[in-house]
Amino acid sequence: MSNTDRPVEYRQILTKAVCGKGRKFSQMSHSIQPPDNIDTILGAWVINHNYDCHKVGEAVEVRGSYDINIWYSTKGNTKTDVMQETVYYTEQVPLTFYDRNTREASVSVSAAVTQAPNCIEASIASHKDGVTVRVEKEFLVELTGETKVCVPVYPLEYAEGDEKDVYEGISGDAEDDFHDLDPNLVIDELED
């Protein structure tokens, strides 16, 4: 059998590829006890966000922390101060795409913050509950790892030829496949 009569062969190539993705938007409420009785909240913001991630089953666990700063007034709105509290969190980001054929030992996990933690509301709950702060954030996670891809391998003679020659050599004359088609056939509606 000559090389041109041989059917296309396939080979598996081991490569590193994205084998899992996920995204999660979340809102959390935190209760913070101020040192004084607060009259008014003048502002609230989130700074110093740090996080780390790792794979847990078919999800990615993101653990992190951030500082919540609250600017407030006391003593009949005659004095202001800023308080800061560090908050710790754990988020499970489910994977919407996951390739189970990936070699588990080769998987590396990365997370990107698509929306940094941001204070969307701060309110005085009561004197015993302190201040309630709502924070929103969003993560995008990716898993990369070793996986196999299957590629067609053509005989060496096709390397210098035209791409059209490759397809004709494999499937025969492409025009013969269309001779039996009726050019006047039109389907107006599809029936169930």
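The values are calculated or read from the model by the stated rules, or taken from the named source; none is laboratory data. Computed from a prediction, not measured in an experiment: that's the story for all the values here. A quick note on method: Cβ atoms are made from the backbone with ideal geometry, for glycine too, and the neighbour counts reach across all protein chains shown. Note: areas computed on protein heavy atoms with side chains; ligands, DNA, RNA excluded. Shrake-Rupley method; radii C 1.70, N 1.55, O 1.52, S 1.80 Å.
For SER31, SER123, give me the order by solvent-accessible area with a 1.4 Å probe, most accessible first, ignoring ligands, DNA and RNA.
SER31, SER123
Please give the net charge around THR40, taking every other residue with its beta carbon less than 14 angstrom from that of THR40, where Lys and Arg add +1 and Asp and Glu add -1.
In short, -1.
If you rank THR80, THR147 by how much accessible surface each has, with a 1.4 Å probe, what is the order from largest down? List each step's numbers first, then the result.
Numbers: THR80 75, THR147 15 Å².
Listed by decreasing accessible area, they come as THR80, THR147.
Determine the order of VAL60, VAL107 by accessible area, beginning with the largest, at a probe radius of 1.4 Å.
Output order, biggest surface exposure first: VAL107, VAL60.
Tell me the carbon and sulfur percent of the accessible area for region 1-109, rounded to whole percent, probe radius 1.4 Å.
Here it works out to 47 percent.
Would you mind calculating the gained length between LEU156 and ASN77 on full extension (0.36 nm times residue separation, minus the Cα-Cα distance), in nm to one decimal?
Computed gain between LEU156 and ASN77 is 20.0 nm.
What number comes out for the charge environment of LYS75, summing +1 per Lys or Arg and -1 per Asp or Glu over other residues with Cβ under 15 Å away?
-2
Please calculate the 1.4 Å probe accessible area of TYR89, with all protein chains present, and give it to the nearest 10 Å².
Rounded to the nearest 10, the figure is 10 Å².
Please work out how much length the chain gains when fully extended from GLU9 to ASN69, using 0.36 nm per residue of separation minus the C-alpha to C-alpha distance, in nm with one decimal.
Working: separation 60, 0.36 × 60 = 21.60 nm, distance 6.34 nm.
Difference between extended and current length: 15.3 nm.
How much solvent-accessible surface does HIS54 expose, in Å² to the nearest 10, with a 1.4 Å probe and all protein chains in place?
Roughly 80 Å² of HIS54 is accessible to a 1.4 Å probe.
In a shell of Cβ-Cβ distance under 13 Å around GLN27, excluding GLN27 itself, what net charge do Lys and Arg (+1) and Asp and Glu (-1) give?
-1
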